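Encoded as structure tokens, the structure appears first; notes follow it.
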Amino acid sequence: MDVLASRIILRPRDPAATQRFYRDDLGLAIAREFGPPDAPAVVFFAGPTLIEVSGRVDEPGRAGIAIWLQVRDVRAEVTRLAGRGVPIVREPREEFWGLIEAWIADPDGTPIVLVQVPADHPLRRDTRRFDD
């Protein structure tokens with residue numbers, strides 16, 4: 001499989017509230033809008049992926065769904081989000097795998113993991129070996 005792009009599609013109970021959360025609270029840039037002008041679907045940039053908020057459901061099926069967002073400074077983001085009234089589900093802490101993580105949730109309860117990759121973590125190092 002050759003994946004050229006990806007996105008997470010959310011079908012919230014209250015699309016306007018969810019769109020405000022991703023646009024205003026998280027501060028994600030809009031990639032595109034489509035649909036009716038009075039209630040458009042919105043696609044947000046989220047690093048190398050996209051998050052689309054479109055449609056509406058009464059009981060969103062979220063089993064096994066989480067959004068993983070890498071940020072430069074988890075603690076600074078948690079402070080900023082708490083200042084906006086976003087509930088912090090789990091405060092930042094370093095996990096045994098070496099990443100610093102905090103948890104929040106969107107208005108429908110979709111888990112969002114905020115992740116910081118420390119400078120000395122293997123994800124930041126080129127572990128390939130080059131033989132001469």
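The values are calculated or read from the model by the stated rules, or taken from the named source; none is laboratory data. Predicted model, so just to flag it, every value in this text is computed and none were measured. Don't worry about glycine lacking a Cβ; one is built from the backbone with ideal geometry, like all the others, and counts go over all protein chains shown.
Miscellaneous remarks
- Residues located in the range 17-51, provided they are small (Gly, Ala, Ser) and either surrounded by 13 or more Cβ atoms within 10 Å (Cβ to Cβ) or in contact (Cβ under 8 Å) with a residue 24 or more places away in the chain (or both): Ala17, Ala31, Ala39, Ala41, Ala46
- Within the range 62-78, the set of residues being outside any loop (DSSP other than H, G, I, E, B) and surrounded by 13 or more Cβ atoms within 10 Å (Cβ to Cβ) comprises Ile67, Trp68, Leu69, Gln70, Val74, Arg75, Glu77, Val78.
- Test: Val89 is surrounded by fewer than 17 Cβ atoms within 10 Å (Cβ to Cβ) and under 22 Å from Ser6 (Cβ atoms): no
Each row is one residue, and each column tells you yes or no for (1) among the hydrophobic types (A, V, I, L, M, F, W, C); (2) at pLDDT 95 or above.
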| site | (1), (2) |
| --- | --- |
| Arg62 | no, no |
| Ile65 | yes, no |
| Leu69 | yes, no |
| Val89 | yes, yes |
| Trp97 | yes, no |
| Pro107 | no, no |
| Thr110 | no, no |
| Val115 | yes, no |
| Leu123 | yes, no |
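- Wholly enclosed strands (runs of 3 or more DSSP E) of the range 1-58 bearing at least 1 residues among the aromatic types (Phe, Trp, Tyr) and within 15 Å of the chain's Cα centre (by Cα): 41-46
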